[in-house]
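Input: a single structure, listed below in structure tokens.
No value in this document is a laboratory result; all are computed from the given coordinates. Nothing here was measured: the structure is a model prediction, and the numbers come from that model. All Cβ positions, glycine included, derive from the backbone under ideal geometry; neighbour counts span all protein chains shown.
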Amino acid sequence: MHLRISQGEKKGGNLFVPNNIKPTKNVVKLAVFSMLGETVRNADCLDLYAGSGALGLSALSLGAKSCTFVDKDISAINLIKQNAKNLDFENRIIAVNTEAEKFLASSLPTKYDIVFADPPYKLTVDNLAQKLLNCISEKGVIVYLHHRDAKINLEGLEVFRQRTYGKTGVSILKNASTKKENKHIKKKPQEEKY
């Protein structure tokens, strides 16, 4: 199965997708990067439950500085490496074959500007709230893709932008104690449905 990069420097570039993975719909990816705006440029990103790597690779296409991809499936990691090589991003990525929980539990010196978390709908990241909080930079954000009916209650994190596309909810979260707004992401307390 193939996907294409839909925005940025590598627009139209092909991505190979593992057979056992249902990729994020294009409309959802476009919405994510529309919501993030200029915050993607020069960002250090983390793509958890990476699958094909479409979110992180799209971020690189839009000017992110680097992306670390984490997936427990070795075939997904191998395809991410191949996709990165095909797009000439291999020097800007790290691909880690482990579970997201184990990766976040390890001592991480890196603080990420954007964390993508796109677990299967049957999983939630509620138990990872503190670990996610610890791995984002001062103005960092977490882009959490989840079932539209999921209740988002992650201790220490606040939802400040949210949209729904079909069955998929997209929530952008930040450190609840950070008072400074990210100037490129407008706060919209009401949920937007499309």
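Assorted remarks:
- Under a model in which nothing but the beta-carbon of Lys, Arg (+1) and Asp, Glu (-1) is charged, segment 35-124 shows a dipole of about 80 debye around its Cα centre.
- Debye log10 I(q)/I(0) at q = 0.16, 0.22, 0.28, 0.31 Å⁻¹ for segment 113-170, Cα point scatterers: -0.46, -0.88, -1.37, -1.56
- Over 30 Å (Cα to Cα) - which of Lys85/Lys167; Lys85/Lys174; Lys85/Lys151; Lys65/Lys151; Lys72/Lys174; Lys102/Lys174 fall in this group: Lys85/Lys167; Lys85/Lys174; Lys85/Lys151; Lys65/Lys151
- Label zone at Arg41, where the point sits 7 Å out along the Cα-to-Cβ direction: segment 54-79 residues whose backbone N lies under 16 Å: 59-66
- Per-residue HN-Hα couplings for segment 70-86 [Karplus 6.51, -1.76, 1.60; θ = phi - 60°; Hz; x = Gly/Pro]: 10, 8, 7, 8, 4, 5, 5, 4, 4, 5, 4, 4, 5, 4, 5, 5, 4
- Taking Cβ atoms as reference points and 14 Å as the exclusive limit, the residues near Asp126 contribute a net charge of +1, counting Lys and Arg as +1 and Asp and Glu as -1.
- Amide H contacts for Val115 (H built 1.01 Å from N in the peptide plane; partners 5 or more residues away or on another chain; cut-off under 5 Å): Leu46, Val141, Ile142, Val143.
- In segment 75-177, one over the average inverse separation of all distinct C-alpha pairs is 14.9 Å, which is the Kirkwood hydrodynamic radius.
- Annotation: amide H-H contacts under 5 Å for Ala150 (H modelled 1.01 Å from N, sequence separation of 5 or more, or interchain): none.
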